[in-house]
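Next up is a structure, given as structure tokens.
The values are calculated or read from the model by the stated rules, or taken from the named source; none is laboratory data. The model shown is predicted, which means the values in this text are computed figures rather than measured ones. With ideal geometry, Cβ positions are generated from the backbone for all residues, glycine too; neighbour counts draw on all protein chains shown.
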Amino acid sequence: MSKYLLNKFLFTVDRDPELVERYREDPQAMVEWWESSEANRILACNLGESSTWLRFEDEERVALSTHDYPKLFELGAHPFLTLTLFIAMFERDHEEPLGFQLEYARRLSHLSLPYPDIAT
């Protein structure tokens, strides 16, 4: 499992409104595309450098492809990265103020301290 790769996905997708929409509309295709073309790029590097070994584990791929943010949290994805991306995708679906944030808290309420380790 690579918490680094999970967090890299959340970080890079959250910073591009087009990628956010692609991930919202077709998460499985988005995860497949990102893993095959973006996962091995070096962050903040415009020189064409890349690695060749990074890939999601099946459990990570499924959680990303189904927008299963409680599972992503359990796998060690950083909660701030998860929350900000999913707010961008789903806040618009809630009428009440902080609607998605309250849903996020409800769906993670089964977890208690100590939370999963988020160190990469």
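Report, by residue number, each residue of the stretch 1-31 that is of a type in the set (D, E, K, R), part of a helix (DSSP H, G or I) and within 12 Å of the chain's Cα centre (by Cα). First the steps, then the outcome.
So in the stretch 1-31, the residues of a type in the set (D, E, K, R) come out as 3, 8, 14-16, 18, 21-22, 24-26.
With part of a helix (DSSP H, G or I) added as a condition, the list becomes 3, 8, 14, 18, 21-22, 24-25.
Within the stretch 1-31, K3, K8, D14, R24 meet the criteria.
Kindly indicate the residue of the stretch 92-120 that is part of a helix (DSSP H, G or I) and of a type in the set (A, V, I, L, M, F, W, C) and also modelled with the lowest pLDDT among those meeting that condition.
A105
If the Cβ limit is 7 Å and pairs must be 6+ apart or interchain, which residue in the stretch 80-91 that is in a helix (DSSP H, G or I) pairs with which residue that is crowded, with 17+ Cβ neighbours inside 10 Å and among the charged types (D, E, K, R)?
As it stands, the answer is L81/D14; T84/D14; L85/D14; A88/D14; M89/R24, since those pairs meet every condition given.
Is it the case that the stretch 36-58 has a residue that's surrounded by 12 or more Cβ atoms within 10 Å (Cβ to Cβ), at pLDDT 90 or above and over 16 Å from L6 (Cα atoms)? Walk me through how you get there before you give the answer.
In the first step, residues of the stretch 36-58 are kept if they are surrounded by 12 or more Cβ atoms within 10 Å (Cβ to Cβ); the result is 38-41, 50, 54-57.
Now drop any that are not at pLDDT 90 or above, which leaves 56-57.
Within this subset, residues satisfying the condition of being over 16 Å from L6 (Cα atoms) are none.
No, every residue in the stretch 36-58 fails to be surrounded by 12 or more Cβ atoms within 10 Å (Cβ to Cβ), at pLDDT 90 or above and over 16 Å from L6 (Cα atoms).
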